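The structure under discussion appears below in the form of structure tokens.
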Amino acid sequence: MKRREFISLLGGAAAWPLAARAQQPMPVIGFLSSYSSSDAFAQYLLAAFHQGLKQAGYVEGQNVAVEYRWAGNEYERLTALAAELARRRVNVIATGSASLAVLAAKTVTTTIPIVFLMGGDPVKLGLVASLNRPGGNLTGITTLNTEITPKRVEVLRELVPTTTIMAVLVNPTNNPANVEVELRQAQAAANSLGLQTIHILQASTEADLDGIFSTLMQQRAGGLVITADTLFSGKSAELAALASRHAMPTISPYREFVTAGGLMSYGGSVTELYRLVGVYTGRVLNGEKPANLPVQQVTKVDLVINLRTAKALGLTVPPTLLARADEVIE
């Protein structure tokens, strides 16, 4: 055999495994969300998810594909959408921040890895055996957003100390167990603060939101506490505009509510949470088992205050509250 032919043969042999690997199909992520794909806020969160994926070595269209399923804030659709992803045999399912999304995914597969984002305790919900050793096909990120509703009541009362009537906004179609806990804790906080009444208001669609503020005025409420929910996070700008129009002191779990003109927020960063879900999804694609991948508890919460809005509402922010704020918008 001639030397040139031999070198050429060796080069072809070396290139063959690379070519074979390049022809292998890309792994597929199933992304299950309760948001609407047309929602600008959902795309904002999706960018954070992709940032996390990139940190783990994955870029959509280059070395990973993503199948998206959007429920459009209709929680009852989540199980059917999760089943579609299971039939598609995706490599991993990543769920958004509605706890009903991970519950839906859990009902349709016991084998496909699931990376979740949720408020509340995944152990109490039966999703994992423990935070350190999940033990099944699920792991993910959990936040305190549903547990700190009483603190939001307390912070808002500090800003409007003369009010005796407040309201709490919930989505009745969200996880009933979480909603019940939030309301019970909010009522206990109201009692300890000497509030005479705390009204429970419900909204499950964007169309419900305008009527909520009309009801608040009829009830002579002095403040509104918004609970953690994907409908409310996705409509932060709309809620801020309604609160401003009705001159209603309002606190939300989401910083985006304050940057849109809302009064205050107290909660964790949703973009950081979605980034962490992206990182964990990439780690699962890299071969780590959910059973051995500890659930991350994100306990950092930020108090954000919009001083311009407070001034427009005729409110003076106490120096003690300003001192505790992590961010002040002037």
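Would you confirm, using the coordinates I've provided, whether A42 is closer than 27 Å to I148 by Cβ, part of a helix (DSSP H, G or I) and in contact with a strand residue (DSSP E or B) (Cβ under 6 Å, 6 or more places away or on another chain)?
The answer is no for A42.
Do we have A15 as assigned to a helix (DSSP H, G or I), modelled with pLDDT of 50 or more and surrounded by 10 or more Cβ atoms within 10 Å (Cβ to Cβ) here?
Spelling it out, it is not the case that A15 is assigned to a helix (DSSP H, G or I), modelled with pLDDT of 50 or more and surrounded by 10 or more Cβ atoms within 10 Å (Cβ to Cβ).
Which pairs turn up if I take residues in the stretch 73-99 that are touching a residue at least 12 places away in the same chain (Cβ under 8 Å) and in a strand (DSSP E or B) and look for partners that are open to solvent by less than 10 Å² (accessible area, probe 1.4 Å) and of a type in the set (F, W, Y) with beta carbon separation below 6 Å, at least 6 apart in sequence or on another chain?
These pairs meet every condition: A94/F31; T95/F116.
Could you please find all residues in the stretch 100-136 being part of a helix (DSSP H, G or I) and open to solvent by 10 Å² or more (accessible area, probe 1.4 Å)?
L100, L103, K106, T107, V108
Could you please find all residues in the stretch 82-104 being more than 13 Å from the chain's Cα centre (by Cα) and closer than 17 Å to T230 by Cα?
At the first step, the residues of the stretch 82-104 found to be more than 13 Å from the chain's Cα centre (by Cα) are 82-93, 103-104.
Result: L103, A104.
Taking the stretch 171-206, which residues are surrounded by fewer than 12 Cβ atoms within 10 Å (Cβ to Cβ), in a loop (DSSP other than H, G, I, E, B) and among the polar types (S, T, N, Q)?
Q196
Can you give me the ranges of the helices (runs of 4 or more DSSP H) entirely in the stretch 207-315 with at least 3 residues that are open to solvent by 10 Å² or more (accessible area, probe 1.4 Å) and either modelled with pLDDT of 95 or more or of a type in the set (D, E, K, R) (or both)?
236-245, 255-259, 270-285, 307-312
Working only within the stretch 30-55, note down all residues that are touching a helix residue (DSSP H, G or I) at 6+ places or on another chain (Cβ under 6 Å) and open to solvent by less than 20 Å² (accessible area, probe 1.4 Å).
Result: G30, L32, S34, Y35, D39, L45, A48, F49, G52, L53.
Any idea which of (1) open to solvent by less than 40 Å² (accessible area, probe 1.4 Å); (2) farther than 21 Å from L224 by Cα; (3) aliphatic (A, V, I, L, M) is the one A323 doesn't satisfy?
In the conditions (1) open to solvent by less than 40 Å² (accessible area, probe 1.4 Å); (2) farther than 21 Å from L224 by Cα; (3) aliphatic (A, V, I, L, M), A323 misses (1) alone.
The conditions are (1) under 30 Å from W70 (Cβ atoms); (2) out of contact with any helix residue (DSSP H, G or I) (no Cβ under 9 Å at 6 or more places or on another chain), and L224 fails exactly one of them. Which is it?
So the condition that L224 fails would be (2).
Using the structure shown, decide if R324 is touching an Asp or Glu at 6+ places or on another chain (Cβ under 9 Å) and over 24 Å from Q51 (Cα atoms).
no
The values are calculated or read from the model by the stated rules, or taken from the named source; none is laboratory data. What you see is a predicted model; the values in this text were computed from it and never measured. Reconstructed Cβ throughout: ideal geometry from the backbone, glycine too, with neighbour counts over all protein chains shown. Surface accessibility is based on the protein's heavy atoms, side chains included, excluding ligands, DNA and RNA. Shrake-Rupley method; radii C 1.70, N 1.55, O 1.52, S 1.80 Å.
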